Amino acid sequence: MDVSKKSKKREAVGEPEVEKVPLSSLRQRRHGKHHELMQQVLKELTDLSGDTALKVPLGDFSAKDLRSAVFRAAASQHLKISSISDDNHLYVWKKR
C-alpha cells in the first residue's frame, strides 16, 4: 500500500494529524489537577508541629487520589508523612 492510500484511510477514519512543535514552546513541568492544593498542603506540612495533623477536605477528589498526590508531593520534599481519611477529609501529619 502506498503512502497516499494510507493518508486517505487515516483521514477517512478521522485520526488526528501529527504535528511538530519546538520543545521551547512546551511547558516542561506537569501541573495536575491537585497541584495548587498540594502546594498549600506542602507549605502547611513543613510548618506543622509534631502533635498536629492537617485536615484536608476531599472536595471532588477521591481519598485514594488525594492521598497519592500528597505522598508524591511530600516525597519530593523528603517529608515522611502518615495519613488517614474519612468520608469528607484526608488527615495528614508528619511522622515522628
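The values are calculated or read from the model by the stated rules, or taken from the named source; none is laboratory data. Since we're looking at a predicted model, the values are computed, not measured. Every residue, glycine as well, gets a Cβ built from its backbone with ideal geometry; the counts of neighbours run over all protein chains shown.
The set of residues in region 54-64 being under 18 Å from the mean Cα position of the chain (by Cα) and at pLDDT 90 or above consists of Val56, Pro57, Leu58, Ser62, Ala63, Lys64. Scanning region 33-55 for residues being of a type outside the set (Ser, Thr, Tyr), farther than 12 Å from Arg72 by Cα and part of a loop (DSSP other than H, G, I, E, B) gives a total of 5. Val92 falls short on exactly one of the conditions (1) buried (at least 17 other Cβ atoms within 10 Å of the Cβ); (2) part of a helix (DSSP H, G or I), and that condition is (2).
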